[in-house]
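The values are calculated or read from the model by the stated rules, or taken from the named source; none is laboratory data. Here the structure is a predicted model, which means the values were calculated and not measured. Glycine also receives a Cβ, built like all others from the backbone with ideal geometry; neighbour counts cover every protein chain displayed.
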Amino acid sequence: MSIRKIILKIKKEEGCMGRIGYKCIHGVLRFSIPVNSITKPIFLFFYYIHVYLRDFFELIIKILYYEPLFRARCEKVGRNLRMEKLPYITGQGRIIVGDNVYLSGKSDFFVGGKNYSQPELIIGNNTFIGHDCSIRVNQKVSIGNNCLLAKGVMVFDNDGHPGDYQKRRDNLPVDKKDIRPVIIEDDVWVGTRAIVLKGVRIGARSIIGAGSIVTQDVPSDSLVAGNPARTIKTSKQDVQ
């Protein structure tokens, strides 16, 4: 009997041997090592060994590989840069990063285009860029000091493609009139998966709700949310 026929009999549980084979295979697939009062301390020990070794090797890779490559790609990077993965960077623009910046997880930055000779991405001091953020710069995106960009935030200073279909067919760059700088002022918190579009200025200390699409300027000390984002409330306060 061919191996193929034996496998088919086991799958269909045909005959005595087929049923036995089916039960044996499923027994093996369902088997797990018991974790009880005796085995738990052993597995817990190996768990912490695994975590510590993983963190140690990631730290070595960051210090000896990720950080030097990132610094080489940027025009200027301040003190005490913290990063977990190497961001995916394309384009030939200027990237300026302040002190105490934290790049969490892995994000991607495009800083380039054909309309401006020196597109510029600026990230201020003490700013946090969350995992899976995407920033697209044809002219300028400026992120202030003490800002928080949560996971998956997207920032665009352009439309990405021309509005005219024929120009898209011809693979032409975005029209210059559809490129406008994005300015995010100090102490702004941009929530998870929010999108900030071209020409927007977000005032200091404002909060952008998760999943919001920001199409127009946001006053300082405001909470906005929705698609398109609208002001929910404003609260004027002194920030030391």
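Points worth noting:
- Scanning region 172-203 for residues that are over 20 Å from the mean Cα position of the chain (by Cα), of a type in the set (D, E, K, R) and assigned to a loop (DSSP other than H, G, I, E, B) yields D175, R180, E185, D186.
- Boolean, G105 is in a loop (DSSP other than H, G, I, E, B), at positive phi and under 12 Å from the mean Cα position of the chain (by Cα): yes
- Residue within region 92-102 that is touching a helix residue (DSSP H, G or I) at 6+ places or on another chain (Cβ under 8 Å), modelled with pLDDT of 95 or more and in the same structural domain as V200 (by TED's automatic domain parsing) present: yes
- Any hit, region 195-207, residues being surrounded by 17 or more Cβ atoms within 10 Å (Cβ to Cβ), closer than 21 Å to G105 by Cα and in contact with a strand residue (DSSP E or B) (Cβ under 7 Å, 6 or more places away or on another chain): yes
- Being free of Cβ contacts under 8 Å to residues at least 24 places away in the same chain and in the same structural domain as D132 (by TED's automatic domain parsing) is a property that D217 has.
- For region 108-151, residues that are part of a loop (DSSP other than H, G, I, E, B), closer than 29 Å to K177 by Cβ and in contact (Cβ under 8 Å) with a residue 24 or more places away in the chain total 13.
- Some residue of region 138-161 being of a type in the set (D, E) and more than 14 Å from G191 (Cα to Cα): yes
- Answer residue from region 76-91, given it is assigned to a loop (DSSP other than H, G, I, E, B) and either not assigned by TED's automatic domain parsing to the domain that holds P173 or not charged (D, E, K, R) (or both) and is surrounded by the most Cβ atoms within 10 Å (Cβ to Cβ) among those: P87
- Helices (runs of 4 or more DSSP H) enclosed by region 1-73 - at least 1 residues per element that are surrounded by 10 or more Cβ atoms within 10 Å (Cβ to Cβ) and in contact with a Phe, Trp or Tyr (Cβ under 7 Å, 6 or more places away or on another chain): 3-12
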